[in-house]
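The values are calculated or read from the model by the stated rules, or taken from the named source; none is laboratory data. Because the structure is a prediction, the values reported are computed rather than measured. No Cβ is skipped: glycine too gets one built from the backbone with ideal geometry, and neighbour counts run over all protein chains shown.
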Amino acid sequence: MANPKKNALGRGLSALLENSETDITARVAQGDHAVLGSIANIPVDKIEANPFQPRTRFDSAALDELAESIRTHGVIQPVTVRKMGNDTFQLISGERRFRASQLAGLEQVPAYIRVANDQAMLEMALVENIQREDLNPIEVAISYKRLIDECDLTHEGLSEKVSKSRSNITNFLRLLKLPPEIQMALQKGNISMGHARALINIDDHEKQMEIFERIIDEVLSVRDVENLARQAKKPKTPKNKAEETNQYYKDVKYNMSQQLGAKVDLKFLPKGNGKITIEFTNEYDLNRLIQLLQSSPQKIAY
């Protein structure tokens, strides 16, 4: 395989850096702050990873594809770095491009050079990734929460930073209230954002997990889950306390059913009265029950 070009840049970047890249890079290394904000070719081994990178997973196949594109066309969009020591830099954004450039065998990458303290760097990294990277919903939610907690942003301030509506931000943040199993499934793409949003609306944890397992096992659609969530939120009709707690009436129902050879049901009404229902299958069965009740009612266990 042919060796990658030493300075594999996009056509526009090549023209931009053709006469100035060496000079700018040297001046930055010497501490010339006048060139900060310019684009320069930075040696790959002089760039440290971003400790604030919100992305935790990188698709290896996608990185390989991007690396091949960089070998062919060069780095079209520069990464962004901040200057550390005299000859070291730290990545602010563009980690996918940086990793792919490493895979492509580049010795240098084009970079915007900025000055940023840790909080400003965290904010820039999170905002850039939310807007440009293909983060999964949980990674977006974590990024939102970090911006709120660590950068002291309000929901309104965050909305302005990331150019998203407050409702969008709220919907993502609510994902972090889901059980770990559901969050992991969302990260892996086993369920969609629509599934997750429907599951959030279920307050009962056991019911929530039950429906989640059905999504996986039965491949339920988002609409299916929304319907199940609505059903789960419907208040259950309370049973009469006597019917629920009094074992005596339960025994009566069971014994009558056994002795009559028919299904017996007891219903309690709000005023305290009630009714007994005895089912029969045909006219012969009805006559059998009538004879049995008329001939020996005293034998029926109450």
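Considering only the stretch 159-191, state which residues are among the small types (Gly, Ala, Ser) and under 16 Å from LYS145 (Cα atoms).
Within the stretch 159-191, SER159, SER163, SER165, SER167 meet the criteria.
With the requirement that a residue be surrounded by fewer than 22 Cβ atoms within 10 Å (Cβ to Cβ) and in contact (Cβ under 8 Å) with a residue 40 or more places away in the chain, what does the stretch 81-95 give you?
Correct list: LYS83, ASN86, ASP87, THR88, GLN90, GLU95.
Go through the stretch 191-211 and count every residue that is assigned to a loop (DSSP other than H, G, I, E, B) and either closer than 12 Å to PRO137 by Cα or out of contact with any helix residue (DSSP H, G or I) (no Cβ under 8 Å at 6 or more places or on another chain) (or both).
Residues in the stretch 191-211 being assigned to a loop (DSSP other than H, G, I, E, B) and either closer than 12 Å to PRO137 by Cα or out of contact with any helix residue (DSSP H, G or I) (no Cβ under 8 Å at 6 or more places or on another chain) (or both): 2 in total.
Of all residues being among the charged types (D, E, K, R) and modelled with pLDDT under 80 in the stretch 38-58, which is surrounded by the most Cβ atoms within 10 Å (Cβ to Cβ)? Just the residue, please.
By that ranking, first place goes to ARG55.
Would you tally the residues in the stretch 236-262 being at pLDDT below 60 and part of a helix (DSSP H, G or I)?
Total meeting the criteria: 5.
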